[in-house]
Amino acid sequence: MSRFGSILVASALALVGCDPSSPGNKATAEANGLSALAEARQFAELFPGSTHFITHYTGSAGPSIWNSKVGLSGRYVLSMSFQISFDPSRKTPVRAGQPEFHLRKVTGIQLNPDGTVGGVSYSGVQLTFGPDEWQRLIQARGDFSVIGIEINSDQPLEHFDEAWRSAMTLAVDALPPHVGSRIETFKGRVTKMVPLGNGLV
């Protein structure tokens with residue numbers, strides 16, 4: 001191969017490596033975020049088994065958002081999200097907005113005929129808190145009572161672990177917020193958000 005041809009190949013490889021749409025780059029950014037983002041690291045340490053992912057990674061459909069989620073006490077789903085930017089390689093996220101936290105109570109789980117999770121219903125109230133409460137929650141090692149939230153741990157739902165993890169793969173965070181909604185799905189895709197009446201978390 002000529003020197004000119006070698007330069008072209010090297011340039012092409014470099015462009016591929018910088019392609020923001022590359023699934024490998026997104027996965028790398030998500031992995032790097034757990035060490036580069038203080039709140040993500042805190043969330044992972046406080047809630048082992050939590051899931052972390054980026055929505056709108058390329059930024060073409062909206063601001064890039066970091067998401068961390070975890071199922072609690074067989075009934076609740078806690079989520080954290082905030083806007084992010086990236087370093088020039090787009091492989092290391094940088095926090096670009098204040099984190100916001102949402103706690104929802106799962107009231108029902110719908111199964112498909114094959115036994116897989118087909119939908120998740122939530123109560124009509126979503127509790128939201130911010131960075132100050134988060135720091136108090138960290139200091140209390142996850143005791144929600146320090147921020148005035150009572151977690152009922154004696155009502156676990158069957159299939160809950162599968163349900164909250166399945167809900168992770170749905171593009172819920174990319175939709176406008178609907179407090180008190182039921183997520184209806186079809187083959188792992190969100191089809192609509194159904195408003196519910198008021199209820200207690």
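Looking for something loosely packed, with under 15 Cβ neighbours inside 10 Å and at pLDDT 95 or above - is there at least one such residue anywhere in the stretch 103-123? Within the stretch 103-123, none of the residues are loosely packed, with under 15 Cβ neighbours inside 10 Å and at pLDDT 95 or above. Selection of the stretch 63-79 for residues being under 16 Å from the mean Cα position of the chain (by Cα) and farther than 26 Å from Gly24 by Cβ yields Gly71, Leu72, Tyr76, Val77, Leu78.
Residues that are of a type outside the set (D, E, K, R), within 20 Å of Asp143 (Cβ to Cβ) and either at pLDDT 95 or above or surrounded by 18 or more Cβ atoms within 10 Å (Cβ to Cβ) (or both) do not occur anywhere in the stretch 81-97. Within the stretch 108-143, the set of residues being closer than 24 Å to Asp161 by Cα and of a type in the set (Gly, Ala, Ser) comprises Gly108, Gly115, Gly118, Gly119, Ser121, Ser123, Gly124, Gly142.
Here the strands (runs of 3 or more DSSP E) wholly within the stretch 80-136 that include at least 3 residues being under 24 Å from Glu30 (Cα atoms) are 93-95, 100-111. Within the stretch 31-81, being β-branched (Val, Ile, Thr) and more than 18 Å from Gln135 (Cβ to Cβ) holds for Thr51, Ile54, Thr55, Thr58, Ile65, Val77.
Residues in the stretch 21-51 that are under 18 Å from Ser85 (Cβ atoms), touching a strand residue (DSSP E or B) at 6+ places or on another chain (Cβ under 8 Å) and modelled with pLDDT under 95: Lys26 alone. Listed by first and then second residue, the pairs with beta-carbon distance under 6 Å, at least 6 apart or on different chains, first residue in the stretch 140-154 and surrounded by 13 or more Cβ atoms within 10 Å (Cβ to Cβ), second part of a loop (DSSP other than H, G, I, E, B), are Phe144/Ile151; Val146/Ala140; Ile151/Ser73.
Taking Gln155, is it over 19 Å from Asn67 (Cβ atoms) and outside any loop (DSSP other than H, G, I, E, B)? Here the answer is no, as Gln155 does not meet what is asked.
The values are calculated or read from the model by the stated rules, or taken from the named source; none is laboratory data. A quick note: this is a predicted structure, and the numbers were derived from the prediction, not measured. Here Cβ is always computed from backbone atoms with ideal geometry, including for glycine, and neighbour counts include all displayed protein chains.
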